[in-house]
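The values are calculated or read from the model by the stated rules, or taken from the named source; none is laboratory data. This structure is a prediction, so every number in the text was calculated from the model and none was measured. Heads up, the Cβs are rebuilt from the backbone with ideal geometry, glycines too, and the neighbour counts pull from every protein chain shown.
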């Protein structure tokens with residue numbers, strides 16, 4: 001067999017012994033830290049060639065491996081390889097196993113001295129028949145993990161009972177509610193801005209939609225334009241369009257009340273809102289959520305909690321305090337409740353507002369996030385991890401702790417082709433590098449079910 005061994009340079013001594021014994025057994029072994037390279041030859045090209053020719057890729061996963069960018073690059077290379085290859089991870093000691101490797105069965109040893117024997121046993125059970133190989137080998141040749149989802153839910157349950165769980169919410173939690181998504185909100189506000197400027201543009205809604213599609217990376221720039229045009233009316237206009245559908249539903253509900261029919265506030269009765277309420281509800285065996293961090297302006301969560309008589313306190317600016325029995329809800333991008341005005345909503349809607357938050361290390365929102373990421377177990381829902389400031393804060397927290405203790409629920413694209421498979425692994429790898437474990441689901445409707453299972 002042709003074997004490629006990947007490991008941290010700090011574990012070189014451990015792997016020299018492994019290389020020697022494998023070669024004694026007649027295998028062809030490549031190890032970048034052991035093999036000699038011809039003068040003038042690119043090490044990257046050599047590694048690429050050796051990976052493409054290898055039958056087995058062995059990853060010696062230690063704490064050093066997890067923290068090695070070089071080892072991670074080798075692992076990524078084999079994941080994206082066009083050739084089929086057996087992947088044999090060997091986990092040494094009590095070390096975090098990256099989520100993107102959890103679909104592959106791996107060998108677990110407690111001591112470095114056990115590595116060689118474990119590898120020999122694993123190799124003996126692997127087939128070299130490349131016709132039957134796949135990108136990710138899910139064989140019974142090595143011990144498999146217990147149900148991964150069940151394990152993660154169990155850990156989140158413990159955090160909830162210990163009052164150490166924070167729910168971090170993005171726009172996705174409002175997916176089934178009456179709150180418009182970001183693009184729809186921008187379109188509606190842009191239409192009003194065009195009208196205010198007396199542009200007399202026919203089909204202005206179409207223009208707004210086209211403008212957003214042409215500038216998907218520049219929504220904050222459009223936000224800056226809207227602030228300039230709408231001036232003092234900006235927050236009122238945002239408020240109006242943020243709750244336009246919600247208030248239409250409430251008007252309908254009021255008419256039903258007049259007619260003596262049962263009132264159902266559908267925005268507050270979505271499965272997602274119900275699940276969040278159950279997470280926030282105090283438990284017999286412990287407290288409830290330690291806190292909620294939301295990147296949304298709306299007060300949908302507050303309304304749902306209020307309806308269920310759960311005490312809470314929205315926080316959207318520096319200096320606010322809350323009672324010990326109240327669940328704090330931190331609106332780190334500002335707060336704009338429905339049908340009432342508040343002092344300094346602090347909306348992060350425009351480019352300059354976002355930059356102000358980004359560059360100020362002592363802003364209350366940055367400090368809240370950093371402290372929470374460091375002290376609590378966080379569950380991210382309705383977020384895509386594309387926000388640069390959030391990524392920066394997660395990275396800082398990860399560098400301080402080097403433990404992957406947070407979780408994010410994501411919808412997995414159907415694994416119809418290799419591109420989707422690679423995209424999934426790439427996202428997991430990225431999330432792990434920020435300290436997040438991924439909980440995959442096949443449909444958005446599964447997310448409330450997962451949240452409810454944590455709450456029960």
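Annotations
- Looking at 214, 242, 230, 222, just one residue is at pLDDT 85 or above, within 30 Å of the chain's Cα centre (by Cα) and either closer than 19 Å to residue 348 by Cβ or surrounded by fewer than 14 Cβ atoms within 10 Å (Cβ to Cβ) (or both), and that residue is 242.
- Residues satisfying the stated conditions in segment 352-382, i.e. in contact (Cβ under 8 Å) with a residue 60 or more places away in the chain, closer than 20 Å to residue 220 by Cβ and either in contact with a strand residue (DSSP E or B) (Cβ under 7 Å, 6 or more places away or on another chain) or surrounded by fewer than 17 Cβ atoms within 10 Å (Cβ to Cβ) (or both): 352, 369, 382
- Within segment 406-423, the residues that satisfy the criterion of being under 13 Å from the mean Cα position of the chain (by Cα) and free of Cβ contacts under 8 Å to residues at least 60 places away in the same chain are 406, 408, 409, 410, 411, 412.
- Residue selected from segment 23-39 under the condition under 42 Å from the mean Cα position of the chain (by Cα) and in a loop (DSSP other than H, G, I, E, B), by the criterion modelled with the lowest pLDDT: 37
- Sole exception among (1) within 14 Å of residue 329 (Cα to Cα); (2) outside any loop (DSSP other than H, G, I, E, B) for residue 275, by number: (1)
- Taken together, 91, 95, 142 contain a single residue that is modelled with pLDDT under 65, in contact with a strand residue (DSSP E or B) (Cβ under 8 Å, 6 or more places away or on another chain), outside any helix (DSSP H, G or I) and under 30 Å from residue 17 (Cβ atoms), which is 142.
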